[in-house]
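To start, the structure itself, in structure tokens.
The values are calculated or read from the model by the stated rules, or taken from the named source; none is laboratory data. Here the structure is a predicted model, which is why all the values come from computation and not from measurement. Virtual Cβ from ideal backbone geometry, glycine too; neighbours counted across all protein chains shown.
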Amino acid sequence: MSEEGIESEAEDLTAASEPFALFETWLEEAAASESNDPNGMALATVDPSGLPNVRMVLLKGVDGPRHPARGFVFYTNLGSAKGRELAASPRAALLFHWKSLRRQVRARGPITPVSAEEADQYFATRPRLSRIGAWASDQSRPLESRFALEKRVAEVTARYAIGEIPRPAHWSGFRLTPVEIELWRDRPFRLHDRVVFRRADPAAPWTKTRLYP
């Protein structure tokens with residue numbers, strides 16, 4: 001790659017006035033190149049002692065430009081470890097890593113619950129067996145045996161043999177509204193491209209800074 005080509009690619013990241021449009025473009029490109037779960041992201045929370053906890057979850061929504069919160073939406077059992085930790089300390093960090101594209105995006109910010117209507121709408125789009133699983137699983141809590149889980153799945157399946165399966169009250173979603181988003185792109189000789197967008201709060205305008213690799 002020529003020096004001119006390297007510079008023109010570097011300018012792509014700093015040309016944006018806000019990070020979401022570029023994130024959405026990268027997500028679309030990841031959907032075409034990643035073999036599994038291009039919407040997979042690492043979600044970091046903290047427990048009551050301040051010890052970090054991280055796990056992979058699936059991004060289920062990115063708000064449009066006119067949404068007042070403009071954030072990243074995911075769903076979970078509210079009694080799970082992440083559900084309890086987010087209720088106690090409603091701040092989190094996300095990381096997307098697209099190996100095929102050699103790109104990653106990091107985001108940090110406050111967490112708010114989605115509305116009941118939004119959760120209902122998404123729950124209705126899930127496969128039927130996933131909706132049954134939401135009722136059957138006490139996520140993150142001790143399970144005596146695999147048979148016990150399969151028994152609960154059978155019981156829920158029988159209970160909702162006919163008709164729609166409603167969303168359980170213990171299952172809903174969260175929205176991370178970022179105050180910081182960093183876009184990272186692999187470059188030769190580890191001279192990577194890093195641009196971070198920051199704002200004081202979700203209503204404030206973005207500032208933009210290029211970082212050393």
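Picking from residues in the stretch 36-67 that are in contact (Cβ under 8 Å) with a residue 40 or more places away in the chain and exposed (fewer than 13 other Cβ atoms within 10 Å of the Cβ), the one that is farthest from the chain's Cα centre (by Cα) is PRO48. Within the stretch 161-173, is even one residue among the hydroxyl-bearing types (Ser, Thr, Tyr) and out of contact with any Leu (no Cβ under 9 Å at 6 or more places or on another chain)? Within the stretch 161-173, none of the residues are among the hydroxyl-bearing types (Ser, Thr, Tyr) and out of contact with any Leu (no Cβ under 9 Å at 6 or more places or on another chain).
Suppose the filter is more than 30 Å from ARG126 (Cβ to Cβ) and aromatic (Phe, Trp, Tyr); does TRP184 pass it? It is true that TRP184 is more than 30 Å from ARG126 (Cβ to Cβ) and aromatic (Phe, Trp, Tyr). Which ones in the stretch 118-172 are basic (Lys, Arg) and modelled with pLDDT of 95 or more? Result: ARG126, ARG128, ARG131, ARG146, LYS151, ARG152, ARG159, ARG167.
Show the residue pairs meeting these rules: Cβ distance below 8 Å; 6+ apart or different chains; first residue within the stretch 198-213 and at positive phi; second residue exposed (fewer than 10 other Cβ atoms within 10 Å of the Cβ) and modelled with pLDDT of 95 or more. Partner pairs satisfying both residue conditions: none exist.
Of everything in the stretch 103-149 that's touching a Pro at 6+ places or on another chain (Cβ under 6 Å) and assigned to a helix (DSSP H, G or I), which residue is farthest from ARG199 (Cα to Cα)? Among residues in the stretch 103-149 that are touching a Pro at 6+ places or on another chain (Cβ under 6 Å) and assigned to a helix (DSSP H, G or I), the one farthest from ARG199 (Cα to Cα) is TRP135.
Within the stretch 188-197, if we keep just the residues that are surrounded by 16 or more Cβ atoms within 10 Å (Cβ to Cβ) and of a type in the set (D, E, K, R), the residue that is nearest to PRO19 (Cα to Cα) turns out to be ARG194. Number of residues in the stretch 150-187 that are of a type in the set (Ser, Thr, Tyr), in contact with a helix residue (DSSP H, G or I) (Cβ under 9 Å, 6 or more places away or on another chain) and either surrounded by 16 or more Cβ atoms within 10 Å (Cβ to Cβ) or not in a loop (DSSP other than H, G, I, E, B) (or both): the value is 2. For the stretch 87-101, the criterion of being more than 23 Å from GLU24 (Cα to Cα), free of Cβ contacts under 8 Å to residues at least 24 places away in the same chain and hydrophobic (A, V, I, L, M, F, W, C) is satisfied by at least one residue.
The residue that is surrounded by the most Cβ atoms within 10 Å (Cβ to Cβ), counting only those in the stretch 114-149 that are in contact with a Ser or Thr (Cβ under 6 Å, 6 or more places away or on another chain) and within 27 Å of VAL46 (Cα to Cα), is ALA119. Here GLY79 meets each of (1) in contact with an Asp or Glu (Cβ under 9 Å, 6 or more places away or on another chain); (2) modelled with pLDDT under 95; (3) assigned to a loop (DSSP other than H, G, I, E, B) with one exception, condition (2).
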